[in-house]
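The values are calculated or read from the model by the stated rules, or taken from the named source; none is laboratory data. Note that the coordinates shown come from a computational prediction; the quantities given were computed from them, not determined experimentally. Ideal geometry is used to build each Cβ from the backbone, glycine not excepted, and the neighbour counts take in all protein chains shown.
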Amino acid sequence: ERVLFTFNVRDFAVLHKDYLKNSVEHSGIIVSDQIEIGAIVKRLLRLIDQVKANQMRNRIEFLSNWK
């Protein structure tokens, strides 16, 4: 019941796609390139402020979209 945060964009994007294809649910995935920690924190805070936990269910978010 936790959203997963990872720098492993490639593998988790594939995993998310496979989950959807096979009707497997997950609590959400946030993926990011490895950038400086300050930028990561700012983007995560923007995401958390605008997206509720229940909206993350079965969803993948790319942190690069939250600049």
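Mind listing just one residue for me: the one in region 1-52 that is among the basic types (Lys, Arg) and under 16 Å from Lys67 (Cα atoms) and, of those, farthest from the chain's Cα centre (by Cα)?
Residues of region 1-52 that are among the basic types (Lys, Arg), as a first pass: 2, 10, 17, 21, 42-43, 46, 52.
Pick out the ones that are also under 16 Å from Lys67 (Cα atoms) and you get 42-43, 46.
Working: Lys42: 15, Arg43: 11, Arg46: 13 Å.
The selected residue is Lys42.
Six or more apart or on different chains, Cβ atoms under 7 Å: show the pairs whose first residue is in region 14-38 and at pLDDT below 95 and whose second is small (Gly, Ala, Ser).
none
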